[in-house]
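These notes concern the structure reproduced below.
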Amino acid sequence: MSTLDLMHSLEQLPFAQAISESTWLFPFFETVHVLALTLVVGSVAMMDLRLLGIGSRDRTITELTRSVLPWTWAAFGIAAICGLLLFSSKAATYYVNIPFRIKIVCLLFAGVNMLVFHFVTARNVAAWDSGRTPSAARVAGVVSLSLWVVIVATGRWIGFTT
Ligand code: HEM
């Protein structure tokens, strides 16, 4: 069974069919998807701008991470669940869609960039918590901001190419 066959089987599942046939379920989940992703991208941008020394300079990295990251993860969970529900309704169409593929690859890179920052770069955060961040942290900020701009742009582009 090919992946595309698998996508066709996913589309046949009752909840996926309900979303594709309903006049309101898809727009409802897309609305929740958009609201959640604004919180994801907004909270990530706050951290990235701090890493670049542009925003929240009166707060330490640790303090900002502690207050912002729980919102990022909660909103990401909601965005991902709604995204998967939207995806299930036209799985075979989205699976071959180039903007969708670029978006998912960028989401994976954004995840790797975040993990490298938290588990490698930020290990000695105490040394630069309230001061100027090291170049590795600023690079993480620029890479993150760039990836999230592409994720949002390709997310928007999907609707124009399906
Ligand atoms: C937090 C991460 C995510 C962000 C920032 C994001 C961003 C976006 C944006 C900006 C749109 C366009 C919304 C609109 O214009 O109405 C969109 C639509 C969509 N997203 Fe996401 N997304 C994320 C995660 C996901 C995930 C994990 C999936 C599924 C695996 C997904 C699947 C979709 C689908 C299927 C659409 C609908 C496209 C259409 O209009 O036909 N998204 N996303």
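Read-outs: derived from the displayed coordinates by stated rules, not from any lab. Just so you know, these numbers come straight off a predicted model, no measurement behind them. Glycine also receives a Cβ, built like all others from the backbone with ideal geometry; neighbour counts cover every protein chain displayed.
What to note about this one:
- For segment 1-142, with +1 on Lys and Arg beta carbons and -1 on Asp and Glu, the positive-most of Thr60, Thr3, Val32 along the dipole: Thr60
- The orientation-averaged shadow of the Cα convex hull for the chain, equal to a quarter of the hull surface, comes to 10.3 nm².
- Among the chymotrypsin sites (Phe, Trp or Tyr not before Pro) in segment 96-125, none is located in a DSSP loop while being surrounded by at most 10 other Cβ atoms within 10 Å of its own Cβ.
- Trypsin sites (Lys or Arg not before Pro) lying in DSSP loop within segment 34-129, provided at most 13 other Cβ fall within 10 Å: Arg57
- In order along segment 4-11, the phi-based Karplus estimate (6.51 cos²θ - 1.76 cosθ + 1.60, θ = phi - 60°) of 3J(HN,Hα) comes to 5, 4, 4, 5, 5, 5, 4, 4 Hz; Gly and Pro are listed as x.
- Potential lengthening between Leu4 and Arg138 on full extension [0.36 nm per residue; Cα-Cα distance subtracted]: 44.2 nm
- Amide hydrogen neighbours beyond the local backbone of Leu52, cut-off 5 Å, H modeled: none
- Segment 15-27 - phi-based ³J(HN,Hα) in whole Hz, Karplus 6.51/-1.76/1.60, Gly and Pro as x: 5, 5, 5, 4, 5, 6, 8, 6, 7, 10, 4, 4, x
- The chymotrypsin sites (Phe, Trp or Tyr not before Pro) of segment 1-31 that meet both conditions, a loop assignment by DSSP and at most 14 other Cβ atoms within 10 Å of the site Cβ, are Trp24.
- In a reduced charge model with +1 at each Lys and Arg Cβ and -1 at each Asp and Glu Cβ, the chain shows a dipole moment near 560 debye about its Cα centre.
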